[in-house]
Amino acid sequence: MAHEAVSSSSVTGEHHNATAQPENTTPKANLMGMSRAELEVFFEGLGEKKFRAGQVMKWIHQYFVTDFAEMTNISAKLREKLERISEIKAPEVVHRNYSKDGTRKWVFRVGDGAGSLVETVLIPADDKTGARKTLCISSQVGCALDCSFCSTGKQGFQRDLTSDEIIGQLWVANQSYMEDVEIAERTRSVTNVVMMGMGEPLLNFKPVVKAMSLMLDDFAYGMSKRRVTLSTSGVVPMMDKLSEELDVALAISLHAPNDALRNELVPINKKYPLEQLIAAAQRYIRKDGNESARKHVTIEYVMLDGVNDQAEHSQQLIKLLKDLPSKINLIPFNPFPHAPYGRSSRNRIIAFQKALSDAGFVCTIRQTRGDDIDAACGQLVGQVADRTRRAEQWKKKVAQQGEIIRSQG
């Protein structure tokens with residue numbers, strides 16, 4: 001909390017009107033991304049009791065209130081103080097689009113000034129538990145890993161997101177269903193979260209863990225740890241660190257059943273090859289406290305025509321995963337401009353699924369959604385500025401390869 005400065009003139013009784021005191025420029029604390037422990041420290045610093053943290057968390061994350069004046073179980077004096085020194089601020093929505101299939105997409109501006117842009121996608125579906133709404137959240141502006149089949153990777157890496165910016169995506173998605181609902185009747189609509197948007201979550205570890213802890217906190221979103229999933233391309237040391245700090249479901253962006261092919265598709269494999277990756281996944285499952293979220297690992301496998309979808313690949317995948325409790329999610333590739341790959345045929349994907357199912361694996365085919373708003377997996381690129389010129393270089397490389405093929409023909 002800021003304190004007013006006392007000048008020598010106020011002590012001596014002298015007044016010099018020509019010299020104005022500088023205004024307090026201390027930025028307001030954003031309560032959006034604070035953990036319960038951080039909020040307790042914040043309120044104790046104001047001379048308040050710890051329980052105020054839980055009260056405010058509920059107003060923010062369960063009733064989607066950002067105006068302190070609407071927090072009716074907090075005294076007027078404290079509300080006024082909070083208004084002066086703090087704020088509740090989600091990332092700015094600069095674009096939103098709702099697909100005809102129910103998918104919702106938001107483009108957020110993060111940072112000061114023109115800032116940078118990130119995208120978030122909500123995918124609805126029905127399952128045995130009823131209506132499911134899964135939110136795919138971004139953790140970074142762009143991505144440094146440059147997977148060859150991913151449009152986001154072609155934009156390069158700009159910066160990590162803060163915990164405010166990460167949890168703010170979940171806040172906006174929930175609030176979008178509650179805009180015309182009375183405060184007392186508001187509920188949390190998003191049922192599942194996957195850290196599977198722009199960026200590699202484990203390369204932005206602390207803000208991601210803090211945001212996911214808020215998702216699990218009963219004073220915030222109170223989500224089941226089985227319904228909160230972190231997806232990684234295979235940052236092995238951080239997988240081990242995650243197992244020490246948080247119990248959530250784990251997904252691995254695998255996409256290839258052997259090192260030679262995965263080195264091409266997912267370059268981080270050159271640093272952490274498949275043997276190390278599978279061992280880390282096994283350690284994650286065996287970690288104490290695995291009663292629910294860690295019973296298995298979800299394997300994500302994008303289907304690329306003629307690249308990783310052959311019968312030999314399914315047999316290699318079966319051998320690779322034989323000692324890892326896992327569920328396999330086959331993802332039809334979503335082409336983007338200048339992509340060097342095509343989508344596997346429906347028949348090829350079904351044959352691949354059958355081979356895995358016959359081997360005893362639970363294997364599903366992801367339903368492609370949100371194509372009409374560029375919201376499908378691998379299309380989370382939108383209007384993000386290409387500050388590293390990676391996309392330009394990629395397009396040039398593809399054009400050169402095309403020219404070589406034409407000249408040889």
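The values are calculated or read from the model by the stated rules, or taken from the named source; none is laboratory data. Here the structure is a predicted model, which means the values were calculated and not measured. All Cβ positions, even for glycine, are placed from backbone atoms using ideal geometry, and neighbour counts span all protein chains on display.
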What number goes with the only condition from (1) at pLDDT 95 or above; (2) assigned to a helix (DSSP H, G or I); (3) farther than 27 Å from ASN73 by Cβ that TRP171 does not pass? (3)
Of the conditions (1) farther than 20 Å from SER213 by Cα; (2) in contact (Cβ under 8 Å) with a residue 12 or more places away in the chain; (3) hydroxyl-bearing (Ser, Thr, Tyr), SER75 clears all except one; give me its number. (2)
Considering (1) under 19 Å from LEU261 (Cβ atoms); (2) touching a helix residue (DSSP H, G or I) at 6+ places or on another chain (Cβ under 9 Å); (3) crowded, with 18+ Cβ neighbours inside 10 Å; (4) free of Cβ contacts under 8 Å to residues at least 60 places away in the same chain, say which one ILE318 fails and leave the rest. (3)
Within the stretch 74-84, the residues that are closer than 13 Å to ARG52 by Cα, part of a helix (DSSP H, G or I) and among the aliphatic types (A, V, I, L, M) are LEU78, LEU82
Considering only the stretch 87-102, I want to know if a residue exists there that is in the same structural domain as VAL121 (by TED's automatic domain parsing), under 22 Å from the mean Cα position of the chain (by Cα) and of a type in the set (Ser, Thr, Tyr). yes
Condition first: touching a Leu at 6+ places or on another chain (Cβ under 8 Å), without any contact (Cβ under 8 Å) to a residue 40 or more places away in the chain and either in a loop (DSSP other than H, G, I, E, B) or assigned by TED's automatic domain parsing to the domain that holds MET212 (or both). Can you find one or more residues in the stretch 106-113 that meet it? yes
Only listed residue being within 24 Å of ASP127 (Cα to Cα), at pLDDT 95 or above and not assigned by TED's automatic domain parsing to the domain that holds PHE64, chosen from ILE278, ILE299: ILE299
Whether any residue in the stretch 343-359 is touching a helix residue (DSSP H, G or I) at 6+ places or on another chain (Cβ under 7 Å), of a type outside the set (Gly, Ala, Ser) and in a loop (DSSP other than H, G, I, E, B) is what I want to check. no
Given (1) in contact with a strand residue (DSSP E or B) (Cβ under 7 Å, 6 or more places away or on another chain); (2) under 16 Å from THR232 (Cβ atoms), identify the lone condition not met by TYR272. (1)
Restricting to the stretch 190-219, count the residues that are in a loop (DSSP other than H, G, I, E, B) and either basic (Lys, Arg) or at pLDDT 95 or above (or both). 7
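Determine whether SER314 is hydroxyl-bearing (Ser, Thr, Tyr) and under 24 Å from LEU170 (Cα atoms).
Numbers: hydroxyl-bearing (Ser, Thr, Tyr): yes; under 24 Å from LEU170 (Cα atoms): no.
Against the criterion (hydroxyl-bearing (Ser, Thr, Tyr) and under 24 Å from LEU170 (Cα atoms)), SER314 does not qualify.
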Index of the failed condition, GLY47 passing every other in (1) surrounded by 17 or more Cβ atoms within 10 Å (Cβ to Cβ); (2) in a loop (DSSP other than H, G, I, E, B); (3) not assigned by TED's automatic domain parsing to the domain that holds LYS225: (1)
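Kindly indicate whether PHE157 is closer than 22 Å to SER253 by Cβ, surrounded by fewer than 20 Cβ atoms within 10 Å (Cβ to Cβ) and not basic (Lys, Arg). Steps first, answer last, please.
Details: closer than 22 Å to SER253 by Cβ: yes; surrounded by fewer than 20 Cβ atoms within 10 Å (Cβ to Cβ): no; not basic (Lys, Arg): yes.
No: the conditions fail for PHE157.
If I go through the stretch 50-73 residue by residue, how many of them are farther than 26 Å from ALA173 by Cα and not in a helix (DSSP H, G or I)?
Of the residues in the stretch 50-73, the ones farther than 26 Å from ALA173 by Cα are 50-51.
After this cut, where a residue has to be not in a helix (DSSP H, G or I) as well, the list is 50.
The total comes to 1.
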Do we find that ASN334 is outside any loop (DSSP other than H, G, I, E, B) and assigned by TED's automatic domain parsing to the domain that holds VAL208 in this structure? no
